[in-house]
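In what follows, a structure is listed as structure tokens, so that the remarks can point back to it.
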Amino acid sequence: MFALRHKGGKLEGVHLQLSDTDLSILVQTILNIRSVIRRLLPAQPCLLCGAMSRNGLCCAACEAELPRLTAAHCPVCALPTTAGETCGKCLKKMPPFERTLAAFSYAFPLNQLVKALKFHEQLILVNFLADELARHVENRPDCLVAMPLHPQRLRTRGFNQSQLLAARIAKRLDIPLLSSACQRVRDTPPQSSLPWKERDKNIRGAFEVALPAQVQGKHVAIVDDVMTSGASIGELARALKKAGAAEVSAWVVARTLPQPAKTLSVSAE
Ligand SMILES: [Zn+2]
Ligand SMILES: [Zn+2]
């Protein structure tokens, strides 16, 4: 990862080549240092309302407003059901993953935090959102994979928020993170730019399991920021099962729940 060349006691050149995994480790280290610094500061403005707060990222009032996914929901896809039973859609056609774990519903003001993480590089949010998700874990998988970004998209954005979330959760729960097992081999238009019914087709064949031996016979949990139609996670789960994974769980920070049509169009998937 780092190569230093000395000549006659003098540093001749510094060659820095960072892989995606190295980049994640580097960003995670910076995040950890920043979170220590934040704890030392007397007060900081709340990311959502700007009020000064000693609470960390959000003030107590905003944190209480976050839409935690507490209502009864389908264990497979996390959409609301009357008494927590499997929903009709999953009964009719089981998705390629066994269960979904979501900390929040993708609604105001949590959606603002996810957008701040993704599009405004508020990377400090990674630890907060990852810890919220990790708190809900009951069924421990053998390993984690992050929803991969296409290398081209990774270059543009500079980081993969799912990889950062997965790295934090892996460390916290002491579960191995398979950083190179899955790849995105097709750069598709963003799912959020398409109507729900076209998302399955758009994402088909987008993923490849490059190291199938790492997932064979294993329970794998896919970590992603938001599940909207479930098409991306479904397609990655399909690829993992094809490569021999025994069981797949979907772990997402937030689940988009059915809402009036005009709000569904602002999904972040
Ligand atoms: Zn606030
Ligand atoms: Zn369901």
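The values are calculated or read from the model by the stated rules, or taken from the named source; none is laboratory data. Because the structure is predicted, anything quoted here is derived from the model rather than measured. A quick note on method: Cβ atoms are made from the backbone with ideal geometry, for glycine too, and the neighbour counts reach across all protein chains shown.
Scanning region 57-75 for residues that are more than 16 Å from ligand 2 (Cβ to nearest atom), touching a helix residue (DSSP H, G or I) at 6+ places or on another chain (Cβ under 7 Å) and not aliphatic (A, V, I, L, M) returns a single hit, Pro67. You will find that of Leu113, Leu149, Leu125, Leu144, the residue that is within 16 Å of ligand 1 (Cβ to nearest atom) and closer than 30 Å to Val185 by Cβ is Leu125 and no other. Taking the numbered list (1) within 24 Å of Asp174 (Cβ to Cβ); (2) touching a residue at least 12 places away in the same chain (Cβ under 8 Å); (3) surrounded by fewer than 20 Cβ atoms within 10 Å (Cβ to Cβ) in turn, Ala213 passes all entries but (2). When you check Lys171 against the structure, is it over 16 Å from Lys118 (Cα atoms), surrounded by 14 or more Cβ atoms within 10 Å (Cβ to Cβ) and out of contact with any Pro (no Cβ under 9 Å at 6 or more places or on another chain), yes or no? Here the answer is yes, as Lys171 does meet what is asked. Apart from one condition, Val220 fits all of (1) touching a residue at least 40 places away in the same chain (Cβ under 8 Å); (2) more than 25 Å from His120 (Cβ to Cβ); (3) in contact with a strand residue (DSSP E or B) (Cβ under 6 Å, 6 or more places away or on another chain); (4) part of a loop (DSSP other than H, G, I, E, B); the exception is (4).
Could you identify the single residue in Asp200, Asp224 that is surrounded by 15 or more Cβ atoms within 10 Å (Cβ to Cβ) and at pLDDT below 90?
Values: Asp224 fails: at pLDDT below 90.
Selected residue: Asp200, the only one of Asp200, Asp224 that is surrounded by 15 or more Cβ atoms within 10 Å (Cβ to Cβ) and at pLDDT below 90.
Against the definition (part of a helix (DSSP H, G or I) and surrounded by 23 or more Cβ atoms within 10 Å (Cβ to Cβ)), how does Leu154 come out, yes or no? Here the answer is no, as Leu154 does not meet what is asked. Return the pair list, or none, for Cβ contacts closer than 7 Å from residues in region 90-107 that are free of Cβ contacts under 8 Å to residues at least 12 places away in the same chain and more than 16 Å from ligand 1 (Cβ to nearest atom) to residues that are part of a strand (DSSP E or B) and of a type in the set (S, T, N, Q), at least 6 apart or on different chains. As it stands, the answer is none, since no pair meets every condition given. Selection of first residues in region 57-69 that are over 18 Å from Leu117 (Cα atoms) and part of a loop (DSSP other than H, G, I, E, B) and of second residues that are within 16 Å of ligand 2 (Cβ to nearest atom) and not acidic (Asp, Glu), restricted to Cβ pairs under 6 Å at least 6 apart or on distinct chains, gives the following pairs, ordered by first then second residue: Leu69/Ala102; Leu69/Ser105.
Which one of these is at pLDDT 90 or above, within 15 Å of ligand 1 (Cβ to nearest atom) and farther than 30 Å from Gln152 by Cβ: Glu85, Glu65? Exactly one residue qualifies, and that residue is Glu65.
Mind telling me which of the residues Ser162, Ser192 ends up being within 19 Å of Ile233 (Cβ to Cβ), surrounded by fewer than 16 Cβ atoms within 10 Å (Cβ to Cβ), within 16 Å of the chain's Cα centre (by Cα) and touching a residue at least 60 places away in the same chain (Cβ under 8 Å)? Result of the check over Ser162, Ser192: Ser192. In region 70-82, the qualifying residues are those that are assigned to a loop (DSSP other than H, G, I, E, B) and surrounded by 14 or more Cβ atoms within 10 Å (Cβ to Cβ), and the one that is nearest to ligand 1 (Cβ to nearest atom) is Ala78. Look at (1) in contact with a Ser or Thr (Cβ under 7 Å, 6 or more places away or on another chain); (2) part of a loop (DSSP other than H, G, I, E, B) and you find that Val137 fails only one, number (1).
What about Arg199, is it touching a residue at least 12 places away in the same chain (Cβ under 8 Å) and in a helix (DSSP H, G or I)?
Numbers: touching a residue at least 12 places away in the same chain (Cβ under 8 Å): yes; in a helix (DSSP H, G or I): yes.
Taking the combined requirement at face value, the residue satisfies it.
Being part of a helix (DSSP H, G or I) and touching a strand residue (DSSP E or B) at 6+ places or on another chain (Cβ under 8 Å) is the filter; apply it to region 84-120 and report the residue that is farthest from Leu48 (Cα to Cα). Can you show your working first?
So the first thing to find is which residues in region 84-120 are part of a helix (DSSP H, G or I), and the list is 88-92, 110-119.
Okay, now just the ones that are also touching a strand residue (DSSP E or B) at 6+ places or on another chain (Cβ under 8 Å), so 110-111, 114, 117-118.
Details: Leu110: 9, Asn111: 11, Val114: 11, Leu117: 12, Lys118: 15 Å.
This residue is Lys118.
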